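The values are calculated or read from the model by the stated rules, or taken from the named source; none is laboratory data. What you are looking at is a predicted structure, and each value in this text was computed from that prediction instead of being measured. Positions of Cβ are generated from backbone atoms using ideal geometry, with glycine treated the same way; all protein chains shown enter the neighbour counts. Ligands, DNA and RNA are excluded from the accessible area calculation, which covers all protein heavy atoms including side chains. Shrake-Rupley method; radii C 1.70, N 1.55, O 1.52, S 1.80 Å.
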Amino acid sequence: MRRRTFLGLGVAFLAGCSLPVIPKRPDPTPEAALGWIRHVDGRYVLSLPRAEIGQNIATALKQVACDELGVGWDEVDLHLPATTDIAHVRATVGSDSVKDYALPLARACATLRKAVAAGRTEGVLTAEPRPIGALRAFAGRARHVGRAMPLEQADAIVRGAPVYAADTRRPGMAHGQVPRAPATPEFTSSPAAWDAAAARAQPGFVALVEDPLLRQGESMGLGIVAETPGALDRIEQALDIRWRTDGSVGQNEIDERIDIDRRLAGGSLSYDLVDEPLDRDGPWDVDLRLDVPPAAHTPIEPRAAVAEFDDTGLRMWVGSQDIFYIRDVMVRRFGLDDEQVVVHGRRVGGAFSGKTICTVELEAAVLARAAARPVKVQWTRGQEYRQGFHRPPSSHRIRARVRHGRIEDWWHGFACSHIIFTNAGLPPWLQRLTDFIGDRGVARGAIPPYRIGRRRIEHDLERLPILTGPWRGLGAGPNVTAIECAMDECARRAGQDPVAFRLAHIEDPRLAGVLRRVAAAANWDETRSPPSDGRGRGVACGIYKQMSYAAVVADVAVDNGAVAVTRLWCAHDCGRVINPDQVRAQCEGNLVWGLGMALTDGLPVADGGVAAETFAEAPVPRLDQVPPMDIVLVDNGEAPTGAGETAIVAATGAILNAVRDAIGIRPTRLPVTPADLLRSAA
Amino acid sequence: MQLRINNRVHAIPPAWRDETLLATLREFLGLVGAKFGCGVGQCGACTVLLDGEAARSCLWRVADVADRDILTVEGLAGAGGRPHPVQQAWLDENVPQCGYCQAGQIMSAVALLRAKPRPNDAEIDAALADNLCRCGTQQRIRRAVHRAAARS
Ligand code: FES
Ligand code: FES
């Protein structure tokens, strides 16, 4: 292995020049898959090719491996690999882990099984093609696939054993923190003055670190290293940093720049998703607006990393959806070789698309290099809000004409900030280039799965002064929510039951299937008379990424503007189910997220950036807000897809439609608040 | 100075006396079950028991709990490592998604069941509402508490 010891500041400057590192997205190959499963001393080791972020993919893929190898649950050991253990795999995003990794893994296991049966227990195998019908895990003879199994790592979790990045402890480890200006990283900011002497005088002081690599976005931080976490706080106080910041932004600016009606008044929007000729003037039967604010991912685990340099290079322990991307960033920024950087992926304490870029990891590595000691950095909750990226705000206008019980014209215009081409990763000049092709994350889910006469679906993209990017389901949550609200109004206009009205417009039989199933589970009554006691019921459905299907029924009770969701039903079809219990768990999680979208999620913007410091300013659903949930799994044997982000597309819409049913008011802004509802009622 | 944790006494050197109980458990003693989620008492990820009552370890200074009985999630298991009934209920219900909040949830549930051996849903909601879970495991948490109550 080549060694480089010249990790001076000058080199860092060159190596660390600010060209963004773009994540690679290799597809899993049969050869790569052979590296995920090994036979060692009579046992099998599964090197998980996906990040374990709470979807319990380790359990699902182990089920596939056990069946294909023909071995018992206890004969396969799980290993969360480092970047040097397996071939490069792409980020764990987009609910594609089962869809794209289960089959390659099964094929690799089949190859290994054959070799072991033939007495070959050493050496490297070559991949053999195998049709899905030849795979035991999917052939209906499975002992593990299709059942609930004990969750991998659950025992460690309930006993408090170390499984997360921040649980890592290294000999001689110090603690680090990188304070930054309380402003959005979109504005140029840096420390202008600080009291270094007072900081050094604090017990536990280890180092102050100024390094160009501590710039994130346009925000330059000042690094602190200390012996204990508490000393970090005392040192930061003593430093009394004065910040220089070159911009300011408040809520009004965000609202104005994203305001869909302002944009439509200025003419067509920039991106046409569907452009069928329809009359944009003249009366509409349905004309509704929905505004969705920025929202944090709010994993309960603030991002954390441990970094350690030695003479072979850099070792890291991270909680990331993309350990290879972290590796690539380190390689570029520190001028190292791929094999000199070893990134260990640990269980991630909630990610939701938020732990996809490199932030705290680079801070930890810079501080570890400066202090010449292992360093752990975990962001504060305030840093998560101020320095993380968020669900983009979006603003929707949907207009429709209904004739003879059918939707004839549908015009959906919306404005949103970037998602896939996030401003958290791309500087403005590069984003101007990506703007030529648009942003598929923003467009996700915007085309309704309904038979409609003429459709015009268009949107704008706007780089905002706050950081926005992927958030569970990307654009699908807000887009389908807006669509499902409009569908509800169209059904009303047509004088039809909302389930029957949707069924009459649905093209895809699997979507109709989940809608029928959820209606049956909830005893949907087409002849029900409108309620009068503040109680209401709503329905919504949708398709996620053209692969998974969900329909949701929500019951609510509205009292003086306060909305309580009293029960939720969900029918879900993601094809062949590997672990029904965990598909249910994902549905439950998505329903709670949908409830959050409807009732809690939002982030205030003020004083130059996201102005939340604690959960008080950015609440998430609490136990007492979560109602009983009934999940119906539909499995007609189609190829397995994904469940991580499906039901979110229907949950929020069902709740909003239930509010409309209960009190006759159509919510136009998320989250729904008592103040807004009471104002609309007045 | 000493701390009594899980029925064992640990000497705490001066450098850690001004730290939070959470930081000391995790970083000095290596008891990493309690998690950092907010540092200001709002999420419950850091929950431990102080003299049998649920407490947010991020809010307590080590020097202030020297004479208390501290129980962490690592100290719940019985003889031979047999899971505590609450831990077992969490395993039986497959509660954890990411799992980061769960040690705190479990400790709050243990405290609740000590005070109210047969809680109803409303009592569970009231006792655990300040233990946040972003993954959406709330329904299973409720079920697991009932299961543990039925068993003990
Ligand atoms: S970390 Fe203690 S309550 Fe959140
Ligand atoms: S299981 Fe992830 S936060 Fe609760």
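Pull up the stretch B:125-152, narrow it to residues that are buried (at least 20 other Cβ atoms within 10 Å of the Cβ) and over 24 Å from residue A:301 (Cβ atoms), then point me to the one that is nearest to ligand 1 (Cβ to nearest atom).
This residue is B:148.
Is one or more of the residues making up the stretch A:304-317 within 16 Å of ligand 1 (Cβ to nearest atom) and either within 14 Å of another protein chain (Cβ to nearest Cβ) or surrounded by 22 or more Cβ atoms within 10 Å (Cβ to Cβ) (or both)?
Among the residues of the stretch A:304-317, at least one is within 16 Å of ligand 1 (Cβ to nearest atom) and either within 14 Å of another protein chain (Cβ to nearest Cβ) or surrounded by 22 or more Cβ atoms within 10 Å (Cβ to Cβ) (or both), which makes the answer yes.
Working carefully through the options A:420, A:398, A:407, find the one that is under 26 Å from residue A:56 (Cα atoms) and either under 18 Å from the mean Cα position of the chain (by Cα) or not in a loop (DSSP other than H, G, I, E, B) (or both).
The conditions single out A:420.
For the stretch A:112-132, state whether one or more residues are more than 28 Å from residue A:548 (Cα to Cα), without any contact (Cβ under 8 Å) to a residue 40 or more places away in the chain, open to solvent by 40 Å² or more (accessible area, probe 1.4 Å) and of a type in the set (Lys, Arg).
There is at least one residue in the stretch A:112-132 that is more than 28 Å from residue A:548 (Cα to Cα), without any contact (Cβ under 8 Å) to a residue 40 or more places away in the chain, open to solvent by 40 Å² or more (accessible area, probe 1.4 Å) and of a type in the set (Lys, Arg).
Check B:42, B:105 and return the single one that is assigned by TED's automatic domain parsing to the domain that holds residue B:140 and not small (Gly, Ala, Ser).
Every option except B:105 fails the conditions.
Among A:285, A:275, A:261, A:281, which is the only one that is surrounded by fewer than 19 Cβ atoms within 10 Å (Cβ to Cβ), away from chain B (no Cβ under 14 Å) and at pLDDT below 95?
Numbers: A:285 fails: at pLDDT below 95; A:275 fails: at pLDDT below 95; A:261 fails: at pLDDT below 95.
It is A:281.
Checking residue A:395 against (1) closer than 22 Å to residue A:90 by Cβ; (2) in the same structural domain as residue A:669 (by TED's automatic domain parsing), which single condition isn't satisfied?
Of the numbered conditions (1) closer than 22 Å to residue A:90 by Cβ; (2) in the same structural domain as residue A:669 (by TED's automatic domain parsing), the odd one out for residue A:395 is (1).
Could you tell me whether the stretch A:582-590 includes any residue that is part of a strand (DSSP E or B), under 16 Å from residue A:445 (Cβ atoms) and either more than 12 Å from every other protein chain (Cβ to nearest Cβ) or not hydrophobic (A, V, I, L, M, F, W, C) (or both)?
no
Scanning the stretch A:3-50 for residues that are at pLDDT 90 or above and among the polar types (S, T, N, Q), which turns out least open to solvent (accessible area, probe 1.4 Å)?
For the stretch A:3-50, the residue satisfying everything is A:47.
Checking the condition assigned by TED's automatic domain parsing to the domain that holds residue A:517, crowded, with 24+ Cβ neighbours inside 10 Å and over 25 Å from the mean Cα position of the chain (by Cα), which residue from A:658, A:675, A:598, A:651 passes? Break it down stepwise before answering.
Numbers: A:675 fails: crowded, with 24+ Cβ neighbours inside 10 Å; A:598 fails: over 25 Å from the mean Cα position of the chain (by Cα); A:651 fails: over 25 Å from the mean Cα position of the chain (by Cα).
Result: A:658 is the single residue among A:658, A:675, A:598, A:651 that is assigned by TED's automatic domain parsing to the domain that holds residue A:517, crowded, with 24+ Cβ neighbours inside 10 Å and over 25 Å from the mean Cα position of the chain (by Cα).
Looking only at the stretch B:84-95, filter to residues that are facing chain A (nearest Cβ under 9 Å) and touching a residue at least 60 places away in the same chain (Cβ under 8 Å); which one of those is farthest from ligand 2 (Cβ to nearest atom)?
Only one residue fits best here, namely B:88.
Does residue B:45 meet the test of being within 16 Å of ligand 2 (Cβ to nearest atom), within 12 Å of chain A (Cβ to nearest Cβ), in contact with a Ser or Thr (Cβ under 7 Å, 6 or more places away or on another chain) and under 25 Å from residue B:127 (Cα atoms)?
no
Determine if the stretch A:364-373 includes at least one residue that is in contact with a Pro (Cβ under 8 Å, 6 or more places away or on another chain) and open to solvent by 10 Å² or more (accessible area, probe 1.4 Å).
Going through the stretch A:364-373, the residues in contact with a Pro (Cβ under 8 Å, 6 or more places away or on another chain) turn out to be A:368.
Checking which are open to solvent by 10 Å² or more (accessible area, probe 1.4 Å) leaves us with none.
No - not one qualifying residue is present in the stretch A:364-373.
Which of the residues that make up the stretch A:196-225 are of a type in the set (Val, Ile, Thr) and farther than 23 Å from residue A:20 by Cβ?
A:206, A:224, A:225 - these are the residues of the stretch A:196-225 that are of a type in the set (Val, Ile, Thr) and farther than 23 Å from residue A:20 by Cβ.
Within the stretch B:74-83, is even one residue aliphatic (A, V, I, L, M), within 30 Å of residue A:298 (Cα to Cα), away from ligand 2 (no atom under 16 Å from the Cβ) and in contact (Cβ under 8 Å) with a residue 24 or more places away in the chain?
Within the stretch B:74-83, the subset aliphatic (A, V, I, L, M) is B:76-77, B:79.
With the extra rule that they be within 30 Å of residue A:298 (Cα to Cα), the set shrinks to B:76.
Imposing the further condition that a residue be away from ligand 2 (no atom under 16 Å from the Cβ) reduces the set to B:76.
Pick out the ones that are also in contact (Cβ under 8 Å) with a residue 24 or more places away in the chain and you get B:76.
Looking for residues that are aliphatic (A, V, I, L, M), within 30 Å of residue A:298 (Cα to Cα), away from ligand 2 (no atom under 16 Å from the Cβ) and in contact (Cβ under 8 Å) with a residue 24 or more places away in the chain, one finds at least one in the stretch B:74-83, hence yes.
In the stretch B:123-146, which residues are farther than 21 Å from residue A:55 by Cβ and at the interface with chain A (Cβ under 8 Å from one of its Cβ atoms)?
Hits for the stretch B:123-146 are B:124, B:125, B:126, B:128, B:129, B:130, B:131, B:142.
List pairs: first residue in the stretch B:96-118 and within 11 Å of another protein chain (Cβ to nearest Cβ), second residue within 16 Å of ligand 1 (Cβ to nearest atom) and of a type in the set (Asp, Glu) anywhere in the structure, Cβ distance under 6 angstrom, at least six positions apart or on different chains.
Between residues of the stretch B:96-118 that are within 11 Å of another protein chain (Cβ to nearest Cβ) and residues that are within 16 Å of ligand 1 (Cβ to nearest atom) and of a type in the set (Asp, Glu), the close pairs are B:100/A:301.
Just to verify a result, which residue in the stretch A:533-581, among those that are touching a strand residue (DSSP E or B) at 6+ places or on another chain (Cβ under 7 Å) and not in a strand (DSSP E or B), is nearest to the other protein chains (Cβ to nearest Cβ)?
Once the filter is applied, the top-ranked residue is A:580.
Report the residue count in the stretch A:313-363 for those that are within 16 Å of ligand 2 (Cβ to nearest atom), touching an Asp or Glu at 6+ places or on another chain (Cβ under 6 Å) and closer than 19 Å to residue A:85 by Cα.
Residues meeting the conditions: 1.
For the stretch B:9-122, give me every one of the strands (runs of 3 or more DSSP E) that falls completely inside it and has 1 or more residues that are open to solvent by 10 Å² or more (accessible area, probe 1.4 Å) and within 13 Å of ligand 1 (Cβ to nearest atom).
B:53-56
So which of A:426, A:461, A:467, A:430 is in contact with a Cys (Cβ under 8 Å, 6 or more places away or on another chain) and assigned by TED's automatic domain parsing to the domain that holds residue A:507?
Selected residue: A:461, the only one of A:426, A:461, A:467, A:430 that is in contact with a Cys (Cβ under 8 Å, 6 or more places away or on another chain) and assigned by TED's automatic domain parsing to the domain that holds residue A:507.
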